[in-house]
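The structure appears below as structure tokens.
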Amino acid sequence: MNRIGNILAQQEYSKEDLIELLNAGPEDTELIFKKAAEIKARYIGNKVHLRGLIELSNICAKNCLYCGIRRGNKSVERYSISDDEVEMAFQFAIQNKLGSVVMQSGELSSPVFIEKVESFLRKAKEMSNGKLGITLSCGEQTEETYQRWRVAGAHRYLLRIESSNRELYYRIHPKDQLHDFDTRLNALTSLKNCGYQTGTGVMIGLPFQTMEDLASDLLFMRDFDIDMCGMGPYIEHEQAPLAEYNSELKPVQERLTLTLKMIALLRIIMKDINIASTTALQAMANGGREQALKVGANIMMPNITPGIYRNKYALYNNKPGINEEAEDSQRNLETIANRADCEIVYDAWGDSKHFD
Ligand code: SAM
Ligand code: SF4
């Protein structure tokens, strides 16, 4: 067995091992993918669960340096989904047996926003007789707000740490109280305290990011004992300040491979968590999401946001699905799953097996 084969055969990986695995060349990378596929087959099987993605609002109080809908981007036309529109999206999810929705939004903490999300949660439960599973991804909130939303029906929450390296975190966020690394960490702990299946993730291929950072991200997710992960490539947005460093980015193909390696390694070290095959992967390359399913991912998120808002929730360049109607997205997902020898399960929550 070669060096990478020997590392892969170990029960536990150190940070140095993970760095070596992340640096593996093309042939060795295939060994990593093979091992991840075996582990996925054993612990998860070939089933894929869906979450219909509803982008509630692109109004955000924050100014993350990488994001297209940051507060400082004045060229974004802001929207908030109406009650009727969100109900239509729930109806679509119910009729098409998606099983779950994810409600995602720019970060706001006003009483009006908190109440709105709460009313949407109750509506989704009422319309589906409690059957629709609900993930939230509405940023940092107080434990009290998380608790309120939990009581109203949300049971999973995704809050990416973005980078577990405190210094890198501060290089990709403004240095002010609103973008505080410890607040983010504490919010993740609050989510666990409230009994959510807790998900986090990072962006891969950020400027200034090293392999050591990514290895630490994997260990962070393991040590935090997350239930779910949504991580994807960083994709530049020309109106976001981080675009200043575009010339330092890894080429697209490298960022894609690195993302797939991260997914595969996370699957190997966290065998039974839910891992999303993200939209950003598809934006990078055709077939990106299918490859992610092959090497460890088991969740896909068809975008069911009303078509008129699709191009207003542009986090990065070339976000896919902007011109597609919801039905098209779902058909595409069937094809993607089939190509990865996976099968979509309808009308099921598909909770994380890791959660207890
Ligand atoms: N506002 C909430 C938050 O930040 O947690 C939820 C919505 S936010 C748009 C969801 C995720 O989009 C972020 O966690 C971030 O990782 C990702 N994102 C933002 N800009 C991105 C970019 N340029 N490339 C890739 N992912 C990006
Ligand atoms: Fe707002 Fe989330 Fe974008 Fe940051 S990543 S600017 S919190 S929408």
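Some points to look at:
- 5 angstrom amide H check on G133, placed H, neighbours 5+ away: S100, V101
- Between helix 326-339 and the chain: long-axis angle, C-alpha atoms, 0 to 90°, nearest 10: 20 degrees
- Taking the C-alpha atoms only, the angle from helix 26-43 to the longest principal axis of the chain is near 60 degrees.
- Heavy-atom accessible surface of the chain: percent carbon and sulfur, 1.4 Å: 48 percent
- Taken over segment 97-229, the convex hull of the Cα atoms encloses 112 Å³ per residue.
- Calculated diffusion of the chain, Stokes-Einstein form, Kirkwood radius summed over Cα pairs, 4 °C and 1.567 mPa s, µm²/s: 64 µm²/s
- Segment 189-265: proportion of alpha-carbon pairs further apart than 19 angstrom, %: 42 percent
- Packing here is the average count of other Cβ atoms within 10 Å per residue, and on that basis the peptides 242-248, 332-338, 9-15, highest first, run 332-338, 242-248, 9-15.
- Among the listed pairs K123/K261; K116/K294; K47/K131; K62/K192; K35/K131; K15/K319, a Cα-Cα separation exceeding 30 Å is found for K123/K261; K116/K294; K35/K131; K15/K319.
- No disulfide-compatible partner, judged by a Cβ distance under 4.7 Å, exists for the following cysteines of the chain: C60, C138, C194, C229, C342.
- The mean sequence separation of alpha-carbon pairs under 8 Å and at least six residues apart, normalised by the residue count of the chain, gives a relative contact order of 24 percent.
The values are calculated or read from the model by the stated rules, or taken from the named source; none is laboratory data. Keep in mind that what you see is a predicted model, and the values were worked out from it rather than measured. Cβ: placed from backbone, ideal geometry, glycine included. Neighbour counts: every protein chain shown. Only protein heavy atoms, including side chains, enter the accessible area calculation; ligands, DNA and RNA are left aside. Shrake-Rupley method; radii C 1.70, N 1.55, O 1.52, S 1.80 Å.
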